[in-house]
Amino acid sequence: MRHFAPVFWAVRAALVLASVSALSPSPVWAQATLPVPKPTGAATPSGSPVVPPARASAPSRLQAHVQAPITVRMNTPARDFFGKMTGPAPMKPQAIGSYAKGCQAGAVALPQNGPGFQVMRLSRNRFWGQPELIDYLEDLGRDAPKLGWRGLMIGDMAQPRGGPMTSGHASHQIGLDADIWLKQMPDHIMTASERENVSAVSMLRGRLDVAGADRTVDPKKFTAAHARLIRRAAKDPRVARIFVSPGIKKALCVFETGDRAWLRVVRPWWGHHYHFHVRLKCPAGDGACQNQAAPPPGDGCGKALAWWMSDEPWVPKPDAKPAKPKPPLTLAALPKQCIAVLQAR
Ligand SMILES: [Zn+2]
């Protein structure tokens, strides 16, 4: 597998360029990474110009990415740098570091539309990931209709060069995490403004942070199709973990009457009732990527889940001091390779 990798990446890059070209007639980042013949005005035998004239006014978010040179300051919050990256680091794809402390090289953009998926909130520019994540999402999208799910609405993946974000997520830093809405895509290709404004739907009955709250899902919202989708997502061997609200995990524990092995990777967590969060294992051969320890054995439907359904994780103790917010990660806290990722152009 290993020695085929260069060929694979070359093909992958060509495909990515092709799909980007479909969006933008003149992707500047492609020109920055590949030699593009200069338009000389010379004609081909058929009489058409060798290179189509660049459309200077073509609106494209990808054109925004001629990355301005940056001066790194090691004690500055890393999100201040990574949040400004508009395009990927033109390097070999690599997830660097760990899910909540790292960055990514050679990221690929998930196309805005594909069979069985559409990307949401395009303005956030968080539709980047490692090729393995792109493949995974495309595979899941392709299978979705067979599960009674029209298609995926894809939420945040990672920034073009990964790293800490200016808002939201602690993880999603190395291009191996993706949020998938718990809502199936509509029957049409959404406009950019629909993708910004359509709301996600919570699966819960109400608040979780009051004593004695019912933390199960509302069965009118969380259906068998939702359960089939998460099961399909979890059965993929590339998956390390899937995070869901404890009520969703509980519903899945009841839903599965056959082989329960997949339930092991579905982990209860705070949030995650508007979307589920898929985390992939480090891709084979990625030496800079740090896996998390595997989840504890078993389906996770017993004692641990009972704790998550109790008041304990949710209801603040009357005498509790408000938790001090963690200081943001500085560049110095990230793996050294992330500096090269920031500076690559
Ligand atoms: Zn997430």
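The values are calculated or read from the model by the stated rules, or taken from the named source; none is laboratory data. None of these values were measured; they are calculated from a predicted model. Heads up, the Cβs are rebuilt from the backbone with ideal geometry, glycines too, and the neighbour counts pull from every protein chain shown. Quick note on the areas: whole protein, heavy atoms, side chains included, nothing else; ligands and nucleic acids left out. Shrake-Rupley method; radii C 1.70, N 1.55, O 1.52, S 1.80 Å.
Would it be correct to say that W307 is within 16 Å of the ligand (Cβ to nearest atom) and either open to solvent by 40 Å² or more (accessible area, probe 1.4 Å) or not in a loop (DSSP other than H, G, I, E, B) (or both)?
No.
When you scan the range 87-102, do you find a residue that is outside any loop (DSSP other than H, G, I, E, B) and without any contact (Cβ under 8 Å) to a residue 40 or more places away in the chain, even just one?
no
Could you grab me the full set of residues in the range 160-174 that are more than 14 Å from the ligand (Cβ to nearest atom) and among the aliphatic types (A, V, I, L, M)?
none
Of the residues Q112, Q118, which single one is open to solvent by less than 10 Å² (accessible area, probe 1.4 Å), away from the ligand (no atom under 14 Å from the Cβ) and at negative phi?
Result: Q118 is the single residue among Q112, Q118 that is open to solvent by less than 10 Å² (accessible area, probe 1.4 Å), away from the ligand (no atom under 14 Å from the Cβ) and at negative phi.
I'd like to know if the range 273-281 contains one or more residues that are of a type outside the set (F, W, Y), closer than 19 Å to M203 by Cα, more than 16 Å from the ligand (Cβ to nearest atom) and open to solvent by less than 60 Å² (accessible area, probe 1.4 Å).
No, the range 273-281 has no match at all.
With (1) closer than 30 Å to A200 by Cα; (2) surrounded by 12 or more Cβ atoms within 10 Å (Cβ to Cβ); (3) modelled with pLDDT of 95 or more; (4) over 14 Å from the mean Cα position of the chain (by Cα) as the list, and R124 as the residue in question, which single condition is left unmet?
Looking at each condition in turn, R124 falls short on (4).
Give just the number: which of (1) of a type in the set (A, V, I, L, M, F, W, C); (2) in contact with an Asp or Glu (Cβ under 9 Å, 6 or more places away or on another chain); (3) within 16 Å of the ligand (Cβ to nearest atom); (4) farther than 26 Å from L122 by Cβ does M203 not satisfy?
Exception for M203: condition (4).
Among the candidates D143, D139, D177, which residue alone is among the acidic types (D, E) and within 16 Å of the ligand (Cβ to nearest atom)?
None of the others qualify; the one that does is D177.
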